[in-house]
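**Q** Before anything else, here's the structure in question.
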Amino acid sequence: MDRRVVKSRQAIRDAFVALMKEKDFDHITVQDITDRANVSRKTFYLHFLDKYDLLDRVIEDAIREMDEFGQCVCDLDWVPATEQCFQYLADRYDFFGTMLTQAGAPYFRRRYVESCMTSFREEIRKVVGRHPLPEEDAILQFVVHAYVGTVEWWLQQGMPYSPKVMADRVGRMLEAVYAQLPSLRQPVHAGENSPTSLAQLEAGA
């Protein structure tokens, strides 16, 4: 690919992310982006259909790169793997600090959660084998949203602790949770008199 094409595309993406730090996505115009990137509108439309297409591509590229990185550290123990992940985020703080804390990009958070769901599910398979645990979806929701919420907090606070400290705390907790997974093979059986659904609760009211 022509170096000028690559350079202009990167300039557009960099300008877009910079603008996301300043205003909500809905308030960003193509003109804002081209002015910041110092390119023409014609150049913008040679690369992207509109600002929504630009957002989609920025997000998908970031998720793909993050997934590829995750594959590189997935064989490490929990603490060193978690340190690598937090360092990855720290090295790209301008991007993740914007996309994960910016109200204008909720789709990025959803894609990030989906990516983490896949990664943490694969880790469950390593521990308990290919057969799903009872209520595994609830376990995944707990682990993933605890992790993503911690990442968001860390970024919102300006990374108050180093990746090494975060790994020691978060990585050790994840390690402890996963160590307990084999003990969760048996499903929970509610007692006959224990309501287990909203309908049962309402019926008993």
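The values are calculated or read from the model by the stated rules, or taken from the named source; none is laboratory data. Quick caveat: nothing in here was measured; it's all calculated off a predicted structure. Note that we place each Cβ from the backbone using ideal geometry, even for glycine, and neighbour counts take in every protein chain shown.
**Q** When the residues of the range 98-136 are filtered to those that are among the small types (G, A, S) and at pLDDT below 90, which remaining residue is nearest to M66 (Cα to Cα)? Talk me through it step by step, then tell me what you get.
**A** Initial filter on the range 98-136 (among the small types (G, A, S)): 103-105, 115, 119, 129.
Then drop every residue that is not at pLDDT below 90, which leaves 103-105, 129.
Details: A103: 21, G104: 21, A105: 17, G129: 25 Å.
If we take residues in the range 98-136 being among the small types (G, A, S) and at pLDDT below 90, then A105 is nearest to M66 (Cα to Cα).
**Q** Every residue in the range 22-45 that is assigned to a helix (DSSP H, G or I) and loosely packed, with under 13 Cβ neighbours inside 10 Å, please. It would help to see each step written out before you state the result.
**A** Residues of the range 22-45 assigned to a helix (DSSP H, G or I): 25-27, 30-37, 41-45.
Residues satisfying the conditions are D26, H27, Q31, R41, K42.
**Q** Check whether at least one residue in the range 102-115 is over 26 Å from E22 (Cα atoms), in the same structural domain as A167 (by TED's automatic domain parsing) and either in a helix (DSSP H, G or I) or touching a Cys at 6+ places or on another chain (Cβ under 8 Å) (or both), and report yes or no. Walk me through how you get there before you give the answer.
**A** Narrowing the range 102-115 to residues over 26 Å from E22 (Cα atoms): 114-115.
Subsequent filtering for residues that are in the same structural domain as A167 (by TED's automatic domain parsing) retains 114-115.
After this cut, where a residue has to be either in a helix (DSSP H, G or I) or touching a Cys at 6+ places or on another chain (Cβ under 8 Å) (or both) as well, the list is 114-115.
Scanning the range 102-115 turns up at least one residue that is over 26 Å from E22 (Cα atoms), in the same structural domain as A167 (by TED's automatic domain parsing) and either in a helix (DSSP H, G or I) or touching a Cys at 6+ places or on another chain (Cβ under 8 Å) (or both).
**Q** Something else about it: Would a scan of the range 46-60 turn up a residue that is under 30 Å from K126 (Cα atoms) and part of a helix (DSSP H, G or I)? It would help to see each step written out before you state the result.
**A** Step one: filter the range 46-60 for residues under 30 Å from K126 (Cα atoms), giving 59-60.
Within this subset, residues satisfying the condition of being part of a helix (DSSP H, G or I) are 59-60.
So far as the range 46-60 goes, yes, one or more of its residues are under 30 Å from K126 (Cα atoms) and part of a helix (DSSP H, G or I).
**Q** Can you name the condition, by its number, that E122 falls short on among (1) more than 30 Å from A15 (Cβ to Cβ); (2) surrounded by 17 or more Cβ atoms within 10 Å (Cβ to Cβ); (3) touching a residue at least 24 places away in the same chain (Cβ under 8 Å)?
**A** (2)
**Q** Test Q87 against the criterion of being more than 11 Å from the chain's Cα centre (by Cα), in a helix (DSSP H, G or I) and closer than 30 Å to L19 by Cα, and give yes or no. It would help to see each step written out before you state the result.
**A** Numbers: more than 11 Å from the chain's Cα centre (by Cα): yes; in a helix (DSSP H, G or I): yes; closer than 30 Å to L19 by Cα: yes.
Against the criterion (more than 11 Å from the chain's Cα centre (by Cα), in a helix (DSSP H, G or I) and closer than 30 Å to L19 by Cα), Q87 qualifies.
**Q** Further question on the same structure: Could you give me the residue pairs with C-beta distances under 6 Å whose first residue belongs to the range 76-103 and is crowded, with 18+ Cβ neighbours inside 10 Å, whose second residue is acidic (D, E) wherever it lies, and which are 6+ apart or on separate chains?
**A** W78/E175; L100/E152
**Q** Here is a list of conditions, (1) within 16 Å of V79 (Cβ to Cβ); (2) without any contact (Cβ under 8 Å) to a residue 60 or more places away in the chain; (3) crowded, with 16+ Cβ neighbours inside 10 Å, and C116 meets all of them except one; can you say which number that is?
**A** So C116 meets the others, but not (1).
Condition check ((1) outside the structural domain of C116 (by TED's automatic domain parsing); (2) within 15 Å of F96 (Cα to Cα)) across all residues:
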position	(1), (2)
D14	yes, yes
E22	yes, yes
I28	yes, no
D35	yes, no
I59	no, yes
I63	no, yes
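Listed here are the residues, each with its yes/no results for (1) under 25 Å from I63 (Cα atoms); (2) at pLDDT below 90; (3) in a helix (DSSP H, G or I).
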| position | (1), (2), (3) |
| --- | --- |
| V144 | yes, no, yes |
| P160 | yes, no, no |
| G171 | yes, no, yes |
| T196 | no, yes, no |
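**Q** Scan the range 71-85 and tell me whether some residue there is at pLDDT 95 or above and hydroxyl-bearing (S, T, Y).
**A** Within the range 71-85, one or more residues are at pLDDT 95 or above and hydroxyl-bearing (S, T, Y).
**Q** Return the pair list, or none, for Cβ contacts closer than 7 Å from residues in the range 132-153 that are under 14 Å from S119 (Cα atoms) to residues that are of a type in the set (S, T, Y) and surrounded by 14 or more Cβ atoms within 10 Å (Cβ to Cβ), at least 6 apart or on different chains.
**A** V148/Y112
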